Amino acid sequence: MAQSANLTVMIAAVRKAARGVQRDFGEIANLQVSVKGPGNYVTAADKRCEKVLRDELEKARPGYSFLMEESGSVAGRDADHRWIIDPIDGTTNFIHSIPFFALSVALERKGDLLCAVTYNPITDELFTAERGHGAFLNNRRLRVAARKTLADSVLAWGIPSIGEADRHDQFQRELTRLQPKVAAIRQMGSAALELAYVAAGRIDVMQGRGLEPWDTAAGILMVREAGGIATSAEGERTPFETGTVLAGNSELVPLVKAEIGKARQAV
């Protein structure tokens, strides 16, 4: 797999930052955990990982801007380029020693996603994508699944946390409509990895709500480069505008979006 200089820089930064995360994984008793809100956690590992990523990327590309989960937005001299970083997507899984979380980095130029890396440091699965050059898992090209019917499909469906009580009823309505029509529904705890799994054909459709750009930026590019659709679950606006994402192949996404619409009408 040929890769650009930008993607090479990103992979090196992610692998370096992942070393500390690998050391901390499983050290439940020693983790320093803070609560940002109900059901929303941050660990010292998140902060250390984000600092390594920022330092390495800034060293390689001085002046680029940043949007990071823990440190927020940092304007650089180069306003056209922006790194979008989630140091550990799936922190709740991480602090419970569940090996389903990822470091996720995307590079954006003038609002367009250029490159993406999502890395699970426990399974050593490195998902990458570049605009116009495809998506890959450890150098193997990815394609979204080709299933065409809901009855054959596995969906990853975001379950709202204790801090998202306003979405509990909506989730139940959607679940009531979809559960009898699909092969299975899963909730895996990391939007970044769920989107990567869609790109890899492991999950047929992924839906998430209450998401930030750092949760989805890398995964959106991966799905699109793997031949799929990654759009908003709400109306015609973008995932970044609505904080929602619906991803899968071109056959299934419209079917699922129609069911979401029917669930909304049932209120």
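The values are calculated or read from the model by the stated rules, or taken from the named source; none is laboratory data. Quick caveat: nothing in here was measured; it's all calculated off a predicted structure. Counting neighbours? That spans all protein chains shown, and the Cβs are built from the backbone with ideal geometry, glycine included. These accessible areas exclude ligands, DNA and RNA; they are computed on the full protein's heavy atoms, side chains included. Shrake-Rupley method; radii C 1.70, N 1.55, O 1.52, S 1.80 Å.
With charges set only on the Cβ (+1 for Lys and Arg, -1 for Asp and Glu), what does the dipole of the chain come to about its Cα centre, in debye to the nearest 20? The partial results should precede the final answer.
Details: 33 positive and 33 negative charges, 93 e Å.
Rounded to the nearest 20 debye, it is 440 debye.
List the pairs from K51/K257; K51/K110; K110/K148 whose alpha-carbon separation is above 28 Å, in the order I gave them.
Going by Cα-Cα distance, K51/K257; K110/K148 fall outside the 28 Å limit.
May I ask for the net charge around G210, where only other residues with Cβ less than 13 Å from the Cβ of G210 are counted and Lys, Arg are +1 while Asp, Glu are -1?
Working: positive: R167, R209; negative: E164, D166, E212, D215, E234.
Residues near G210 contribute -3 overall.
Mind sorting out which of (1) 1.08; (2) 1.01; (3) 0.97 is the real Cα Rg over 2.2 N^0.38 Å computed from the coordinates?
Label of the calculated value: (3).
Excluding Y197 itself, what net charge comes from residues whose Cβ is under 12 Å from its Cβ, given Lys and Arg +1 and Asp and Glu -1? Kindly include the intermediate steps, with their values, before the conclusion.
On the way: positive: R186, R202; negative: E125, E194, D204.
Neighbour charge sum, excluding Y197 itself: -1.
So if I average 1/r over every pair of distinct C-alpha atoms in segment 115-244 and take the inverse, what Kirkwood radius in Å does that give?
On the way: mean 1/r = 0.0664 Å⁻¹.
It is 15.1 Å.
Suppose all protein chains stay in the model; what accessible area per residue would a 1.4 Å probe give for the chain, in Å²?
Details: 11880 Å² over 267 residues.
On a per-residue basis, the chain sits at 44 Å².
List the aspartates and glutamates whose Cα lies under 12 Å from the Cα of K262, skipping any in the same chain that are fewer than 8 positions away.
Hits, sequence-local ones excluded: E174.
Accessible area of segment 182-267 with a 1.4 Å probe: how many percent of it is carbon plus sulfur? Show your work: numbers first, answer last.
On the way: 1440 of 3030 Å².
Ligands and nucleic acids excluded, carbon and sulfur give 47 percent.
Relative to the first principal axis of the alpha-carbon coordinates of the chain, what is the inclination of helix 213-225, with its axis defined by its Cα atoms, in degrees from 0 to 90 and to the nearest 10?
70 degrees
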